[in-house]
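A.B. asks: Pasting a structure below so you can have a look.
The values are calculated or read from the model by the stated rules, or taken from the named source; none is laboratory data. In this text the structure is predicted, and so the values were computed from the model without any measurement. Note that we place each Cβ from the backbone using ideal geometry, even for glycine, and neighbour counts take in every protein chain shown. Heads up: the accessible areas ignore ligands, DNA and RNA and are worked out on the full protein's heavy atoms, side chains in. Shrake-Rupley method; radii C 1.70, N 1.55, O 1.52, S 1.80 Å.
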Amino acid sequence: VVGGNDVFLGYNSGTGVATGTSLTLIGTYATAANSNLGNATAIGAGALVNSSNSLVLGSSGVSVGIGSSSPVATLSLQGTSGTNPLYIASSTGAGLMVVQQNGNVGIGTTTPSTSFQVAGTQPTVRIGASSLAGCIEMGNSDGSSGINYITVLNGTLTATTTKPSMCQ
């Protein structure tokens, strides 16, 4: 490969790669697109990386586990004792979103005190789009069985126990 600083590990890894710099290809038939890629990594049997400054894990049908040795989905995140399984920060490090160990989700706060909390100077939650119907489905506030549906049309708020057609 023309370019250098490349690492290929695995049967036929890097097959057909003619150019590139700082490529890391690990796994049987792991390869990179035959273009001048840089800082690209493909890990797993048949993994193919097509863009510079990219990391590709596996080919189709791959599951990735972070904190889990048995991922149950395409991406499984499992926190450890004392850590939250998901934390998203801005480029400055400020917390944008968190999923806590207890399942609470915070957007605009890293310490949500309820199941779902949105915080900020003007927090807004949109359900539906400006041209599409929106609906809130919720259980009874006292914990008794029953489902309630809340809809809004032209400023009129309607609550009912019968599922409206727009609440699919």
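A.B. asks: Name the residue, out of ASN39, ASN5, ASN12, that is of a type in the set (S, T, N, Q), at positive phi and either in contact (Cβ under 8 Å) with a residue 60 or more places away in the chain or out of contact with any Leu (no Cβ under 9 Å at 6 or more places or on another chain) (or both). Write out each step before concluding.
C.D. replies: Working: ASN39 fails: either in contact (Cβ under 8 Å) with a residue 60 or more places away in the chain or out of contact with any Leu (no Cβ under 9 Å at 6 or more places or on another chain) (or both); ASN5 fails: either in contact (Cβ under 8 Å) with a residue 60 or more places away in the chain or out of contact with any Leu (no Cβ under 9 Å at 6 or more places or on another chain) (or both).
Only one candidate passes the filter, namely ASN12.
A.B. asks: Then there is this: Can you name the residue in segment 57-74 that is open to solvent by 60 Å² or more (accessible area, probe 1.4 Å) and of a type in the set (Val, Ile, Thr) and is also nearest to the chain's Cα centre (by Cα) among such residues?
C.D. replies: THR74
A.B. asks: Quick check: is even one residue across segment 109-122 aliphatic (A, V, I, L, M) and closer than 30 Å to LEU75 by Cβ? Show your work before the answer.
C.D. replies: At the first step, the residues of segment 109-122 found to be aliphatic (A, V, I, L, M) are 118-119.
Applying the additional criterion that residues be closer than 30 Å to LEU75 by Cβ yields 118-119.
Yes, that holds for at least one residue.
A.B. asks: Follow-up. Go through segment 116-129 and count every residue that is in contact with a strand residue (DSSP E or B) (Cβ under 9 Å, 6 or more places away or on another chain) and open to solvent by 100 Å² or more (accessible area, probe 1.4 Å).
C.D. replies: Qualifying residue count, segment 116-129: 2.
A.B. asks: Let me ask something else about it. Given the options SER52, SER113, name the one that is surrounded by 15 or more Cβ atoms within 10 Å (Cβ to Cβ) and either assigned to a loop (DSSP other than H, G, I, E, B) or of a type in the set (Asp, Glu) (or both). Walk me through how you get there before you give the answer.
C.D. replies: On the way: SER113 fails: surrounded by 15 or more Cβ atoms within 10 Å (Cβ to Cβ).
That would be SER52, the only listed residue that is surrounded by 15 or more Cβ atoms within 10 Å (Cβ to Cβ) and either assigned to a loop (DSSP other than H, G, I, E, B) or of a type in the set (Asp, Glu) (or both).
A.B. asks: Tally up the residues in segment 98-110 that are assigned to a strand (DSSP E or B) and either open to solvent by 40 Å² or more (accessible area, probe 1.4 Å) or over 22 Å from SER81 (Cα atoms) (or both), please.
C.D. replies: So the count comes out to 1.
A.B. asks: Can you find a residue in segment 16-27 that is within 19 Å of the chain's Cα centre (by Cα), open to solvent by less than 40 Å² (accessible area, probe 1.4 Å) and at pLDDT 85 or above? First the steps, then the outcome.
C.D. replies: From segment 16-27, those within 19 Å of the chain's Cα centre (by Cα) are none; that's our starting set.
Within segment 16-27 (the criterion being within 19 Å of the chain's Cα centre (by Cα), open to solvent by less than 40 Å² (accessible area, probe 1.4 Å) and at pLDDT 85 or above), the answer is no, since none of the residues qualifies.
A.B. asks: Hydrophobic (A, V, I, L, M, F, W, C) and within 30 Å of GLY67 (Cβ to Cβ): is that true of LEU153 in this structure?
C.D. replies: Numbers: hydrophobic (A, V, I, L, M, F, W, C): yes; within 30 Å of GLY67 (Cβ to Cβ): no.
Criteria not met by LEU153.
A.B. asks: Turning to a different aspect of this structure: Output the residues belonging to segment 130-167 that are farther than 23 Å from SER115 by Cβ and exposed (fewer than 10 other Cβ atoms within 10 Å of the Cβ).
C.D. replies: Within segment 130-167, SER130, SER131, LEU132, ASN154, GLY155, THR156, THR162, SER165 meet the criteria.
A.B. asks: How about segment 28-43: which of its residues are under 16 Å from SER59 (Cβ atoms) and open to solvent by 40 Å² or more (accessible area, probe 1.4 Å)? It would help to see each step written out before you state the result.
C.D. replies: Step one: list which residues in segment 28-43 are under 16 Å from SER59 (Cβ atoms), which gives 28-33, 40-43.
Across segment 28-43, the qualifying residues are THR28, TYR29, ILE43.
A.B. asks: Determine whether segment 75-90 contains at least one residue that is open to solvent by 60 Å² or more (accessible area, probe 1.4 Å), at pLDDT 90 or above and within 30 Å of ALA47 (Cβ to Cβ).
C.D. replies: The answer is yes; a qualifying residue exists.
A.B. asks: In this structure, is ALA47 open to solvent by less than 50 Å² (accessible area, probe 1.4 Å), in contact (Cβ under 8 Å) with a residue 12 or more places away in the chain and among the hydrophobic types (A, V, I, L, M, F, W, C)?
C.D. replies: yes
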